[in-house]
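A quick write-up on the structure given underneath.
Computed from the coordinates by the stated procedures, all read-outs in this text should not be read as laboratory data. These figures come from a predicted structure and were not determined experimentally. Neighbour counts are summed over all protein chains in view; Cβ atoms, including those assigned to glycine, are modelled from backbone coordinates with ideal geometry.
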Amino acid sequence: MIKKTGQIHILSINCGSSSVKFSIFEIPDSLGKKNPLLNAERIFSGVIEEIGTKFGEFHFKTKGKEDFGKLNFKDHSEAINFMIHKLGFNIANLNINIVVHRFVHGGDEFREPVVVTKENIVKLNGLTELAPLHNPSNLKGLKIMSGCMPHAKQVCVFDTAFHRTIPLYAGIYPIPLDYYYRYKVKRYGFHGISYSYINNLLSLNKKDIKKLIICHLGNGASICAVKNGVSVDTSMGYTPLEGLMMGTRCGDIDPSIPFILKEKLNISCEELYDILNKKSGLLGISQKTYDFKELLTYSDENSKLAFKMYVYRIIKFIGGYCAALNGIDALVFTGGIGENSSLLRKEVCKNLAYLGIKIDDRKNKKASEYFNKFDCHGKIKIRKQVKSIGGGKIPIFAVHTDEDIQMASEAVKLLFYEKRGAT
Ligand code: AMP
């Protein structure tokens, strides 16, 4: 346990394959048993993108101040050192107590946040095989930060952890059962940190919701069915490739298609994997862009088709999860697209009237205007991150998700509260 003296400073860091995103929070030491979400203040945030390419960029923010530019970074180490150098004076003054790392895949092993130990690093190394596109960069960040800030407690939080409650019948695939026992082939699910945050927000906002569907729609996209606060099904599976159509990922396709393509195109497994992960989805169909906002500016037939397919697949999943949950009490849209695009929300809800889902056009548009200008710096305004946009029987919410604060909050709970269990 960390001793409670002074302010607690927490750095939440998310190292992607070619990016580093971070936030620094200040939380007063007089937490008691209060939810850390209610007391936090975001004092810095930033992103470094296109690491290892010729298109490097950085963008740092603090309340009322921004610093951005183009700069190429050879690797993650160079990018993180640049981040620390940029924040140098402030970081030295702040005395970061906790560094919390986002890990996309926790495998079967990590079902809760953990403090980093030598044994845990060995186990984390063993997970690379499960998430080769994500975990190696998460590990890289952990190793670099442990070297840069040896006095800080290092904590890992896992996107898969929220889905540990998915029942076996929904969580395994109808392939020989042995592969589940021997190779742990099952539905792990992702975006769990975001889903946990939204669950917390809704309960803090005193919304009594037992059966909920959350659509996390960003460059990566997934849907989660939540019952009594826990995940019971989700659209991403063994990897983040399954489920919805995404920016560059195909989502659900006939499992035979890769075998056919491999033969017809005479390509390697790596090339095939690259096509399904990086050249499909909105990009593959529009042949113009993976970016949803940009897609909306095009009026050619392929771009319109990409939009239609994207919406259609969300509707199908919502319908499926409504059936699985035997009805729902609320529907949530979040992620860059879910939070900002009133058009997307309207088109999805159009087809769900039979469930009592009806959008209020005015509230829907206002929510997007609000979130487009939303500034997440300063005191965390959790009650302002939920906008009600429904006009029918079932409440609909647009929510600004905040994975960094959720990670910080989980780390504080792990290190300060002997018994977990506070929301
Ligand atoms: P994320 O991965 O959550 O950061 O979300 C990124 C996605 O959100 C990209 O496809 C963006 O184009 C999309 N996005 C961001 N702002 C808007 C907006 N105002 N309208 C539509 N899509 C948006």
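Before moving on, here are some points about what is shown:
- At least 27 Å along the helix axis (C-alpha) and Kyte average at least -0.5, DSSP helices within the chain: 301-325
- With a threshold of 26 Å on the Cα-Cα distance, the over-threshold entries among Lys358/Lys413; Lys211/Lys393; Lys227/Lys293; Lys123/Lys379; Lys186/Lys316 are Lys358/Lys413; Lys227/Lys293; Lys123/Lys379.
- Karplus (6.51, -1.76, 1.60) ³J(HN,Hα), θ = phi - 60°, over region 176-183, in Hz, Gly and Pro reported as x: x, 4, 3, 5, 5, 5, 7, 10
- Charge dipole (the chain, unit charges on Cβ, about Cα centre) - positive-most of Val399, Leu305, Pro240: Val399
- Overall form of region 66-154: oblate. Here a/c, set by the Cα gyration tensor axes a ≥ b ≥ c, is 1.5 or more, and a/b is not larger than b/c.
- Cα shape, the chain, gyration tensor, a/c 1.5 rule: rounded
- Annotation for region 72-171: GluC sites (Glu not before Pro) lying in DSSP loop with at most 12 further Cβ atoms inside 10 Å of their Cβ are Glu129.
- For the chain, built as a Gaussian network whose Cα springs stay under 10 Å, the top-fluctuating residue of Ala323, Ala306, Ala161: Ala323
- Cleavage-rule hits (trypsin sites (Lys or Arg not before Pro)) in region 261-345: DSSP loop, at most 16 neighbouring Cβ within 10 angstrom: Lys279, Lys288
- The GluC sites (Glu not before Pro) of region 338-423 meeting both criteria, a DSSP state outside H, G, I, E and B (loop) and at most 13 other C-beta atoms within 10 angstrom of the site's C-beta, are Glu418.
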